[in-house]
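The values are calculated or read from the model by the stated rules, or taken from the named source; none is laboratory data. In this text the structure is predicted, and so the values were computed from the model without any measurement. Heads up, the Cβs are rebuilt from the backbone with ideal geometry, glycines too, and the neighbour counts pull from every protein chain shown. Just so you know, the surface numbers come from the protein's heavy atoms only, side chains and all, with ligands and any DNA or RNA stripped out. Shrake-Rupley method; radii C 1.70, N 1.55, O 1.52, S 1.80 Å.
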Amino acid sequence: MQENEFRLGQRVHSAGDPWRIGTVRYLGPVQGYSGSWVGVDWDSEDAKHDGSINGVRYFQAKSERSGSFVRTHNLSSGISLIEALRLRYQGETTEEEEDEMYVLSASNKRVSIQLLGKEKIQDKLSRFEELTGASLSFLGVSSPGFSGDTGSLLPNLKELDLTGNLLSDWKDVGTICKELPMLQALNLSYNLMAPDIVELPQLKNIRILVLNHTGVNWTKVEILKTSLPAIEELHLMGNSISTIDPPASFTVQGFDSLRLLNLEDNSIADWKEIMKLSLLRSLEQLHLNKNNLSCISYPDHDMLDEQTDKPFQNLRCLLLGNNNLEDLASIDTLNLFPKLVDIRLSDNPVADPGRGGIPRFVLIARLAKVEVLNGSEVRPRERKESEIRYIRLVMSKMQGSPEDIQRLHPRFLELKSFHGIEDEKPSSGGTGPQKMASGFLSIILKCVGASIGEKPLLTKKLPGTTTVGKLKILCESFFKLKSVKLKLYLQEEGSPFPILLDDEMASLIDVGVGNESTILVDEES
């Protein structure tokens, strides 16, 4: 390809390697080198420089090592979608290529698509009409390539994955959707889309649109909205979105059919931005993992007009993993969401006992309606045990006025009444809580240390006031261990990792050990 066939801003890939993608930033000579060059700012940061060489700047790359100069014959401007289809489905495919043939399901998971079959290599083109899903990821697609009646080659295509290609013009997206009348799900992830959205027709059949890592901000989303009257799922991961900017009101309007909005891996730090989404009536799932949120709020009942819709009135799933949530008030606020039952809080300080957060059983007790926590189902037995353990924990530490206790533990009185546990207070002599807190716990001890050897499980009844340090000493006796420094872990149901019990002065109640809890007995490494 000649230099004049490239243009500034064009998306290209390295010849022979469609996975290495970049943007043309310079065309012309380079001082000290013969001939013409193309300056490319690569998406990956494994190139040579930042757009300058020998003290002369030719373009500004996005990082210190994402730029390089390339001869034209070492670059490709891509192929058409039709060419990619023929390349993928008519030619011989490798096992690796077949592994890449997938589409995204409604839950954004990869699902292998149907292949035409190697036994049907002959006459594959005539079978394009049977194809309902196709993956053309990282094939260098840069244009639709439709002409005449070629759109009729794919009359039944419903799902199309174009991840990691060279598309950037929204007009091309409109052409693809227009020529594929049955298309319902389109994945454009890792295509750097143009900032201006022009000549985009009504995409009336598109139900799922994936725009992860495409540079699309919320202003562009508002423009796209008018072309997506039937959209049900919108995925916007990794676009550095920090604000939600409705054009004409405080809250986002429209999106009448939107059930799932994925804003994971962005830069949203203020919950006020999330509240701008609160009147999307059909919204059931909101994915906010990997943002910078530090608190959650919900309007008080007194602030809500009875004539208006409740915020997030149909939201059932809220994913908040890997944020900066630290306060228990944010956890308690989640009870105000009318239909919220599926919550992710993992990798937040408030939900990480290793960083001073609370364990799973406390989260379950504080969240009245949660049915799925951090991806694990909360079964009725786990809820009952968690709530009773929580009551025991609060009773063991009760201090201050009843008002203070209610403020710090909003569900405490409700749970105590529900489970029929009588009101008890710490004894005045300072010897610790009475009956409920100092009762015996049945715990299961399981040896997992490599040098300890295989030992049978032991079930022991111990006072709830037994300290972690005392339990270590007892374990040495129970398992006849000598010269072994022990570490104890609490194995929580539904939690992927056990919790290290490292405060030797804390009681079993303090660290959340309940009846029939499992304690893992390990050794210091």
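Here are some notes:
- Residues of the range 9-56 satisfying the condition of being open to solvent by 80 Å² or more (accessible area, probe 1.4 Å), among the charged types (D, E, K, R) and assigned to a strand (DSSP E or B): ARG25
- Screening SER267, SER330, SER297 for residues that are over 29 Å from ILE405 (Cβ atoms) and small (Gly, Ala, Ser) leaves exactly one candidate, SER267.
- Among the residues making up the range 57-83, none is open to solvent by less than 20 Å² (accessible area, probe 1.4 Å) and without any contact (Cβ under 8 Å) to a residue 24 or more places away in the chain.
- The strands (runs of 3 or more DSSP E) found wholly in the range 68-163 and carrying at least 1 residues that are modelled with pLDDT of 55 or more and of a type in the set (Gly, Ala, Ser) occupy 110-112, 133-135, 141-143.
- Among the residues examined, GLU264 does not qualify as over 24 Å from GLY164 (Cα atoms) and either charged (D, E, K, R) or outside the structural domain of GLN184 (by the TED database) (or both).
- Taking the numbered list (1) open to solvent by 30 Å² or more (accessible area, probe 1.4 Å); (2) modelled with pLDDT under 95; (3) under 30 Å from ALA506 (Cα atoms) in turn, ASP302 passes all entries but (3).
- Scanning the range 199-249 for residues that are polar (S, T, N, Q) and at negative phi yields GLN202, ASN205, ASN212, THR214, ASN217, THR219, THR226, SER227, ASN239, SER242, THR243, SER249.
- Filter result (within 16 Å of GLY357 (Cβ to Cβ) and open to solvent by less than 80 Å² (accessible area, probe 1.4 Å)) within the range 490-502: LEU490, GLU492, GLY494, SER495, PRO498, ILE499, LEU500, LEU501
- Test: residue in the range 69-77 that is within 30 Å of ARG127 (Cβ to Cβ) and charged (D, E, K, R): no
- Of the set (1) in a loop (DSSP other than H, G, I, E, B); (2) farther than 29 Å from LEU162 by Cα, all apply to ALA61 but (2).
- Verdict on SER517 being closer than 30 Å to ASP342 by Cα, polar (S, T, N, Q), at pLDDT below 85 and open to solvent by less than 40 Å² (accessible area, probe 1.4 Å): no
- Count - residues of the range 447-467 that are within 36 Å of the chain's Cα centre (by Cα) and surrounded by 14 or more Cβ atoms within 10 Å (Cβ to Cβ): 3
- Of LEU136, LEU188, LEU153, LEU131, all but one fail to be within 22 Å of LEU224 (Cα to Cα) and either outside the structural domain of GLU83 (by the TED database) or in contact (Cβ under 8 Å) with a residue 12 or more places away in the chain (or both); the exception is LEU188.
- Breaking point among (1) assigned by the TED database to the domain that holds LEU180; (2) touching a helix residue (DSSP H, G or I) at 6+ places or on another chain (Cβ under 7 Å), for SER36: (1)
- Matching strands (runs of 3 or more DSSP E) fully within the range 450-525 where at least 2 residues are touching a residue at least 60 places away in the same chain (Cβ under 8 Å) and of a type in the set (S, T, N, Q): 517-523
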